[in-house]
1. Condition test on Thr42, is it part of a helix (DSSP H, G or I), polar (S, T, N, Q) and over 30 Å from Asp117 (Cα atoms)?
2. Does Arg171 meet the test of being among the charged types (D, E, K, R) and either in a helix (DSSP H, G or I) or touching an Asp or Glu at 6+ places or on another chain (Cβ under 9 Å) (or both)?
3. Pairs under 7 Å by beta carbon, first residue of a type in the set (Asp, Glu) in segment 138-157, partner surrounded by 24 or more Cβ atoms within 10 Å (Cβ to Cβ), six or more apart or different chains?
4. Residue pairs, Cβ under 9 Å, 6 or more apart or interchain, first in segment 160-188 and under 23 Å from Ile39 (Cβ atoms), second aromatic (Phe, Trp, Tyr) and loosely packed, with under 14 Cβ neighbours inside 10 Å. List them.
5. Please count how many residues of segment 1-32 are touching a strand residue (DSSP E or B) at 6+ places or on another chain (Cβ under 9 Å) and not in a helix (DSSP H, G or I).
6. I'm trying to understand the selection: among the residues of segment 82-104, which are over 19 Å from Gly71 (Cβ atoms), among the hydrophobic types (A, V, I, L, M, F, W, C) and outside any helix (DSSP H, G or I)?
7. Can Ile68 be described as touching a Ser or Thr at 6+ places or on another chain (Cβ under 6 Å), surrounded by 24 or more Cβ atoms within 10 Å (Cβ to Cβ) and either closer than 23 Å to Phe221 by Cα or at pLDDT below 75 (or both)?
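The values are calculated or read from the model by the stated rules, or taken from the named source; none is laboratory data. Every value quoted in this text rests on a predicted model; they were computed, and no experiment measured them. Note that each Cβ is placed from the backbone with ideal geometry, even for glycine, and that neighbours are counted across all protein chains shown.
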Amino acid sequence: MAVWLGLWLGCAVILPGAIGIIIYRGIHATVQLTGIFCIIATGLIHSVYFRLLAAGYEAGEISLVYPIARGSGIALTAILAGLLLKEQLAVLGSIGIGLVCLGIISLSTGTRKRADDTKAVRLALCIGASIVAYSLVDKVGVSYVNPVVYICSMFLIAGIALTPMLLRRYRGALGREARENIGYALIIGIGSVGTYLMILFAFTRGPVNYIVAVREFAVVFGALAGIIFLKERFAITKALAICIIVIGIISIKLS
């Protein structure tokens, strides 16, 4: 419910800017046909992504789920970007991506202590797969659609796609659930729009494989937040895995 409300609130926040850009630049200069297909595709993929994300956070600790989810698709993104988008990797960049993957593998295999962790890891890997899918689509999409218009449309489609499931799950309790989750939803909506809009603008300026990999620096903050604020388990293996991820990201940056 919080994620679903966040999508609608995020869409509402960015909608005036999207309308203003369309009016100022004109619909034909802002949106092209290929971009429309990308918007529809990424909206549907994001609806799956957000549903998996909610399930993953329900199943496991954020310091486990978040790093695996954010980093598990880096290698696949690099491979697919090379095959489909003809992007090339420098040697140091390839090493960096390999280190990030190693850190993710270490994190996923070295910190599982409970039965629920196995389910959480599986969900996190599915989240990672969805990240690969929408990242490649979005890299193409922002070449044909202004990023502000793109993200507004994407959130709108994802929100619509998730609505039937929410109506089934919270039938008769939508008002109460909305009131209880409105604070979280507002943070999710504004945070998602602001951060991913930066990623979309980055896609217009650089290779998707590097951008997706460097973006995973957020796993450090996610893991630390889980340990410090949510009092999740701390382990040396978890700390070492995060350090490996950081070194990999630095290598990508230096390449």
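1. no
2. Considered against the rule, which asks whether it is among the charged types (D, E, K, R) and either in a helix (DSSP H, G or I) or touching an Asp or Glu at 6+ places or on another chain (Cβ under 9 Å) (or both), Arg171 comes out as no.
3. As it stands, the answer is Asp138/Thr42, since those pairs meet every condition given.
4. Going by the 9 Å Cβ cut-off, there are no qualifying pairs.
5. 2
6. Within segment 82-104, Leu85, Ala90 meet the criteria.
7. Taking the combined requirement at face value, the residue satisfies it.
Quick grid of which residues meet (1) surrounded by fewer than 19 Cβ atoms within 10 Å (Cβ to Cβ); (2) not aliphatic (A, V, I, L, M):
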{"residue": "Glu177", "(1), (2)": "yes, yes"}
{"residue": "Glu180", "(1), (2)": "yes, yes"}
{"residue": "Gly183", "(1), (2)": "yes, yes"}
{"residue": "Ser192", "(1), (2)": "no, yes"}
{"residue": "Tyr210", "(1), (2)": "no, yes"}
{"residue": "Leu224", "(1), (2)": "yes, no"}
{"residue": "Ile228", "(1), (2)": "yes, no"}
{"residue": "Thr237", "(1), (2)": "yes, yes"}
{"residue": "Ile250", "(1), (2)": "yes, no"}
